[in-house]
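Trainee: Got a structure for you, written out below as structure tokens; questions coming shortly.
The values are calculated or read from the model by the stated rules, or taken from the named source; none is laboratory data. Since this is a predicted model, take the numbers as computed values, not measurements. Note that each Cβ is placed from the backbone with ideal geometry, even for glycine, and that neighbours are counted across all protein chains shown.
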Amino acid sequence: MKTESRTSHRADRTLEAVLSSTSSDSHMWNLIFVQLMLEEHGYRVTNLGACVPVEVLADRCAAQPPALVVLSTVNGHGHLDGALAVSRLRQVPSLAITPIVIGGKLGIQASSSDHAQHLRVAGFDAVFGDTAADLSEFSAFLRRVAADAFADEPLARRRCRQDTVRDRANL
Amino acid sequence: MTRAGPFHAREVSAFAGRIAPPAPFGEVIAAATARGRLIVQPRMGMGDPVDMRAGLLAVKAANASTVGTITVDSYTRCNDDEAVRRAIARDAQLNGYPIVAHSSDVTSAIVKELRDASFAIQVRHGSADPQRIFEAVVAAGLDATEGGPISYCLPYSRLPLADSVKNWAVCCQTFGRLRDKGYEPHLETLAAVCSASYARLVCWWLLACLRRCFFPSRGCAACR
């Protein structure tokens, strides 16, 4: 079920985002939505599809490190599956500072700040729920990642990353 | 909802009253249809048997013609026993009822208490490799489930379709063992999910026809 965006003559200037569901989530409509959204923001998307084993995701991202990894999940197991996935991804040296985010319906009840904090501690740079406000935040995040990637001085991203690591250490 | 953990039959059998006679799923549907009643089936599954029982009880008590559902959690669907164990150990909330992890005594106690001639209970799971789910379904005396080797593979699994077909053929034999217990196994052919997920209407009809061929040839009735 893997799909990829059509490449263009500007492919060398487009950022690749790897989009994936979690290992237990079979939903695809959310992946299609997020793929379209990423493409609207200028990303070239590799969509790994539903029920992606952690090792499949890790192998793909290690073989061709993308500019961004997005996990989208709506089956309510995201707070469990997402933490496992990002822990594995962060073990890959080339993904140590790659922006990795997760969003969707992360638990079986209304969005929980506990789930979000748990997922950030596990290694995600950002965690998004399923509200319209979350989509706006995700959109702003995508613009920031793109702006930072094309900036002459990527120090801001490194500084941001260091802050995140420090925040995790303080939690 | 937070009471996930090891359960024993006595915890739920305390609720169990009379032993209900078998109520074939198809007969319940046919009887309600004959009375001109709209049948409502809230799809739901809870990790905790006590919550699962309470949910089914609420559905049965609703002022409507209802069918109960036990939806299996996503880890059980994927045969990921370790994830089920981890979730239960962490008191985490599963998105369905882990029918393989819970003892069949626990599940059958719920079924015996709630199922009767007017209230059927169906298991929904979404697995392309459901042998252990079918074993648990049969052990609990549940007579109704749904799905099929195509519709529970293409949207739900990364298994090759041929493997799913082989798995489901074995499951039909397992499900057929229910007749030894006096139940008529009932498999609802699930094609709607395919049309909703990715297929055109013609595919819906094609899948329904394929299932009409597949299940009866392997000893299981198939109804929409």
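Trainee: With the checklist (1) small (Gly, Ala, Ser); (2) touching a residue at least 24 places away in the same chain (Cβ under 8 Å); (3) more than 14 Å from chain B (Cβ to nearest Cβ) in hand, flag the one item A:Ala96 doesn't pass.
Mentor: (2)
Trainee: State the number of residues belonging to region B:66-99 that are facing chain A (nearest Cβ under 8 Å), under 23 Å from B:Glu146 (Cβ atoms) and not in a loop (DSSP other than H, G, I, E, B).
Mentor: Adding up the residues that qualify gives 3.
Trainee: Another question, if that's okay. I want to confirm something. Restricting to region B:175-210 and keeping residues that are in a helix (DSSP H, G or I) and basic (Lys, Arg), which single residue is modelled with the highest pLDDT?
Mentor: B:Arg177
Trainee: If you don't mind, another one. Scan the helices (runs of 4 or more DSSP H) fully inside region B:1-65 and keep the ones with 3 or more residues being at pLDDT 75 or above and surrounded by 12 or more Cβ atoms within 10 Å (Cβ to Cβ).
Mentor: B:25-34, B:49-61
Trainee: Quick one: which residue in A:Ser24, A:Ser20 is within 10 Å of chain B (Cβ to nearest Cβ) and surrounded by 18 or more Cβ atoms within 10 Å (Cβ to Cβ)?
Mentor: Values: A:Ser20 fails: within 10 Å of chain B (Cβ to nearest Cβ).
Only one candidate passes the filter, namely A:Ser24.
Trainee: Next question. Looking at region A:116-171 only, could you name the residues that are farther than 18 Å from A:Ala85 by Cβ, basic (Lys, Arg) and at pLDDT 90 or above?
Mentor: If the condition is that a residue be farther than 18 Å from A:Ala85 by Cβ, basic (Lys, Arg) and at pLDDT 90 or above, then A:Arg143, A:Arg144 are the ones that fit.
Trainee: Can you spot a residue in region A:89-99 that is touching an Asp or Glu at 6+ places or on another chain (Cβ under 9 Å), more than 23 Å from A:Asp59 (Cα to Cα) and modelled with pLDDT of 95 or more?
Mentor: So far as region A:89-99 goes, no, none of its residues is touching an Asp or Glu at 6+ places or on another chain (Cβ under 9 Å), more than 23 Å from A:Asp59 (Cα to Cα) and modelled with pLDDT of 95 or more.
Trainee: Shifting gears a bit: Please specify each residue of region A:99-117 satisfying the condition of being surrounded by 19 or more Cβ atoms within 10 Å (Cβ to Cβ), more than 18 Å from A:Leu142 (Cβ to Cβ) and within 14 Å of chain B (Cβ to nearest Cβ).
Mentor: Passing the criteria: A:Lys105, A:Leu106, A:Gly107, A:Ile108, A:His115.
Trainee: In addition: For region A:1-22, what are the residues that are in contact with an Asp or Glu (Cβ under 7 Å, 6 or more places away or on another chain) and at pLDDT 95 or above?
Mentor: Once the filter is applied, which keeps residues that are in contact with an Asp or Glu (Cβ under 7 Å, 6 or more places away or on another chain) and at pLDDT 95 or above, region A:1-22 yields only A:Thr22.
Trainee: Right, another one. Go through region B:128-139 and give me each residue that's under 20 Å from B:Val106 (Cβ atoms) and either small (Gly, Ala, Ser) or assigned by TED's automatic domain parsing to the domain that holds B:Ala58 (or both).
Mentor: Answer for region B:128-139, where residues must be under 20 Å from B:Val106 (Cβ atoms) and either small (Gly, Ala, Ser) or assigned by TED's automatic domain parsing to the domain that holds B:Ala58 (or both): B:Ala136, B:Ala139.
Trainee: Take the residues in region B:148-164 that are part of a helix (DSSP H, G or I) and surrounded by fewer than 18 Cβ atoms within 10 Å (Cβ to Cβ), then tell me which one is farthest from the other protein chains (Cβ to nearest Cβ).
Mentor: In this case the residue turns out to be B:Ala162.
Trainee: Looking at region A:56-66, is at least one residue more than 20 Å from A:Asp125 (Cβ to Cβ) and in contact with a helix residue (DSSP H, G or I) (Cβ under 8 Å, 6 or more places away or on another chain)?
Mentor: Among the residues of region A:56-66, not one is more than 20 Å from A:Asp125 (Cβ to Cβ) and in contact with a helix residue (DSSP H, G or I) (Cβ under 8 Å, 6 or more places away or on another chain), which makes the answer no.
Trainee: Looking only at residues that are at negative phi and without any contact (Cβ under 8 Å) to a residue 60 or more places away in the chain in region B:112-129, which one is farthest from the other protein chains (Cβ to nearest Cβ)?
Mentor: Restricting to residues being at negative phi and without any contact (Cβ under 8 Å) to a residue 60 or more places away in the chain, the top hit is B:Val123.
Trainee: Which members of region A:34-74 meet the condition of being touching a residue at least 24 places away in the same chain (Cβ under 8 Å), assigned to a helix (DSSP H, G or I) and touching a Ser or Thr at 6+ places or on another chain (Cβ under 9 Å)?
Mentor: Passing the criteria: A:Val34, A:Gln35, A:Met37, A:Leu38, A:Glu39, A:Val54, A:Leu57, A:Arg60, A:Cys61, A:Ala62.
Trainee: Could you say which residue among B:Cys172, B:Cys220, B:Cys213, B:Cys153 is at pLDDT 85 or above and more than 30 Å from A:Thr22 (Cβ to Cβ)? Before you say what the answer is, go through the steps one by one.
Mentor: Values: B:Cys220 fails: at pLDDT 85 or above; B:Cys213 fails: at pLDDT 85 or above; B:Cys153 fails: more than 30 Å from A:Thr22 (Cβ to Cβ).
Just a single option satisfies the conditions, and that option is B:Cys172.
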